[in-house]
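A.B. asks: I'd like to ask some things about the structure below.
All of the numbers you see were taken from the coordinates with simple rules; none came from a lab. Keep in mind that what you see is a predicted model, and the values were worked out from it rather than measured. In this analysis, Cβ positions are derived from the backbone assuming ideal geometry, glycine residues included, and neighbour counts consider all displayed protein chains.
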Amino acid sequence: MTVVRHAGVQDAFGEALASVRHAFLIAGLFSLFINVLMLAGPLYMMQVYDRVLTSHSVPTLVALTLLLIVLYVAHGLLEAVRGQILNRVAGRLDRTLGPATLEIVSRCRLETGRDVGDEPLRDLAAVRQFLSGSGPPAFFDVPWTPIFLAITFVIHWSAPLRWRWQPRWWCSRS
């Protein structure tokens, strides 16, 4: 099968990607804050074990729990906004590349005499569905995974040292 390439279509693809580059950067920035908020759960548990269980302080537990709820709500809102950004990116690419794709399908039929069907349009729909699905958030979150694991390792690794250096009366309280 011969593939017909046109410079105009490649230019349209490059222009479409350039038009959404800023939105992808913004989605990546949202991913930074989302992944920082992912540390809220481990930090909450560490504070509960360090402060609440040892002192039996209910006000501290309530304050920490309210703070965690606020952070989780912020996390959810940031996830929703990032999803909306990626949905709009998918829509913009579809609106930008749809006419160019339809044009190249028509040109291919006229120049080669072969019917390519609607496969290029289905491919564009697949790209739109991927961009508006859960794929891009996973790509944005993957680079932060080693950082998250390193931070949680440092938090966990330092806990035995802090327990060793605590005063004896701290551990003997009942």
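A.B. asks: Would you please give the FRET efficiency between L66 and Q129, computed as 1/(1 + (r/R0)^6) with r the Cβ-Cβ distance and R0 = 41 Å, to the nearest 0.05?
C.D. replies: Numbers: r = 39 Å, r/R0 = 0.95.
With R0 = 41 Å, the Cβ-Cβ based efficiency is 0.60.
A.B. asks: If you don't mind, another one. As I understand it, the dipole of the stretch 8-169 uses +1 on the Cβ of Lys and Arg and -1 on the Cβ of Asp and Glu, about the Cα centre. Which of A27, L124, V52 lies farthest toward its positive end?
C.D. replies: V52
A.B. asks: While we're here: Could you order peptides 136-145, 106-115 by the average number of other Cβ atoms within 10 Å of their residues, highest first? Could the numbers behind the result be given before it?
C.D. replies: Working: 136-145: 14.1, 106-115: 11.5.
Ranking the peptides 136-145, 106-115 by packing returns 136-145, 106-115.
A.B. asks: Sort 116-122, 80-86 by packing, meaning the average of other beta carbons within 10 Å per residue, with the highest value first.
C.D. replies: Working: 116-122: 12.9, 80-86: 16.6.
Listed from highest to lowest mean packing, they are 80-86, 116-122.
A.B. asks: Under a Cβ-Cβ cut-off of 10 Å, what is the net charge of the residues other than P137 that fall near it, where Lys and Arg count +1 and Asp and Glu count -1? Each step should come with its number before you reach the end.
C.D. replies: Values: positive: R82; negative: E79, D141.
Local net charge: -1.
A.B. asks: I want the local charge near V105. Using Cβ-Cβ distances under 9 Å, sum +1 for each Lys or Arg and -1 for each Asp or Glu among the other residues.
C.D. replies: Computed value for this residue: -1.
A.B. asks: Just to check I understand the Karplus step: with θ = phi - 60° and J = 6.51 cos²θ - 1.76 cosθ + 1.60, what whole-Hz values come out for the stretch 146-153, glycine and proline as x?
C.D. replies: The phi angles translate into x, 5, 4, 5, 5, 5, 5, 5 Hz.
A.B. asks: Mind listing the phi-derived Karplus ³J(HN,Hα) values for the stretch 36-43, rounded to whole Hz, using 6.51, -1.76 and 1.60 with θ = phi - 60°, and x for any glycine or proline?
C.D. replies: 5, 5, 5, 7, 4, x, x, 5
A.B. asks: Evaluate the Debye formula for the stretch 8-169 with equal point scatterers sitting on the alpha carbons, no solvent, and hand back log10 of I(q)/I(0) at q = 0.13, 0.14 Å⁻¹, in q order, two decimals.
C.D. replies: Log10 of I(q)/I(0), two decimals: -0.77, -0.84.
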